[in-house]
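The values are calculated or read from the model by the stated rules, or taken from the named source; none is laboratory data. Note that the structure is a prediction, hence the values are computed from the model and not measured. Here Cβ is always computed from backbone atoms with ideal geometry, including for glycine, and neighbour counts include all displayed protein chains. Protein only, heavy atoms only, side chains kept; ligands, DNA and RNA dropped before computing areas. Shrake-Rupley method; radii C 1.70, N 1.55, O 1.52, S 1.80 Å.
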Amino acid sequence: MYFLITGALVFINVLLEDELEKKNKRLAQELKNKRLRIALSLRSARDNIRYHQLINEHFASVKLADEAFRLLQQTAKELRTIDKLIEQAKQERKACRTARDFAKADDITQLIAQLAKIYAGLKQKRDSFNIRTHELNNNTAELRESIRMNCGARGREWHKRLQARKA
């Protein structure tokens, strides 16, 4: 059981850190690019903002926010998995102590500490995804309002249709 938990720890750690780091970097770069594009669009003369460009930016921003939210959910799921592994390790440690196998119990204690460290790092990444998701949602809302306010009747009609779909 100890080796199974250790193997699972190593496997989960490698997969999670690699996948989350890749997605985190890509998400950060995409967020930076979106912010730059949105800022440039909003700074330009509001009367000359092109309707279709802003609509495309809006939907791209929604898509990115949805992806960030999925990452947030995935991270939360992985946190629950690690939490279960910690609980299993604690039960195994208790059984070892009952059987007076203190060396193995100490090894399991070290394993639990490693799992707790992974858990803390993953929790920090989850919090980062949460912040990014909120930022993306706020940027999308600003863009949506900009379309409504600066694209004339077409923008107001688009906004009205969007709100009707959301209801």
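Any residue in the stretch 51-66 that is in contact (Cβ under 8 Å) with a residue 60 or more places away in the chain sitting within a Cβ distance under 7 Å of a residue that is charged (D, E, K, R) and surrounded by fewer than 20 Cβ atoms within 10 Å (Cβ to Cβ)? List the pairs, counting only those 6 or more apart or interchain.
51/154; 57/37; 64/30
With the structure loaded, tell me whether residue 65 is among the hydrophobic types (A, V, I, L, M, F, W, C), modelled with pLDDT under 90, open to solvent by 60 Å² or more (accessible area, probe 1.4 Å) and assigned to a helix (DSSP H, G or I) or whether it fails that test.
no
Testing residue 51 on (1) buried (at least 16 other Cβ atoms within 10 Å of the Cβ); (2) of a type in the set (Ser, Thr, Tyr); (3) modelled with pLDDT of 80 or more, one condition comes back false. Which one is that?
Among (1) buried (at least 16 other Cβ atoms within 10 Å of the Cβ); (2) of a type in the set (Ser, Thr, Tyr); (3) modelled with pLDDT of 80 or more, the lone unmet condition for residue 51 is (1).
Considering the stretch 117-147 alone, what residues qualify as being hydrophobic (A, V, I, L, M, F, W, C), over 10 Å from the mean Cα position of the chain (by Cα) and farther than 13 Å from residue 78 by Cα?
Looking only at the stretch 117-147, we keep the residues that are hydrophobic (A, V, I, L, M, F, W, C), and these are 118, 120, 122, 129, 131, 136, 141, 143, 147.
Remaining after also requiring over 10 Å from the mean Cα position of the chain (by Cα): 118, 120, 122, 136, 141, 143, 147.
Within the stretch 117-147, 136, 141, 143, 147 qualify.
Residues checked against (1) within 27 Å of residue 81 (Cβ to Cβ); (2) modelled with pLDDT of 65 or more; (3) assigned to a helix (DSSP H, G or I):
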| position | (1), (2), (3) |
| --- | --- |
| 8 | yes, no, yes |
| 18 | yes, yes, yes |
| 23 | yes, yes, yes |
| 26 | yes, yes, yes |
| 29 | no, yes, yes |
| 33 | no, yes, yes |
| 42 | no, yes, yes |
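Only residues that are open to solvent by 60 Å² or more (accessible area, probe 1.4 Å), of a type in the set (Ser, Thr, Tyr) and closer than 16 Å to residue 83 by Cα: list them for the stretch 93-130, please.
If the condition is that a residue be open to solvent by 60 Å² or more (accessible area, probe 1.4 Å), of a type in the set (Ser, Thr, Tyr) and closer than 16 Å to residue 83 by Cα, then 119 is the only one that fits.
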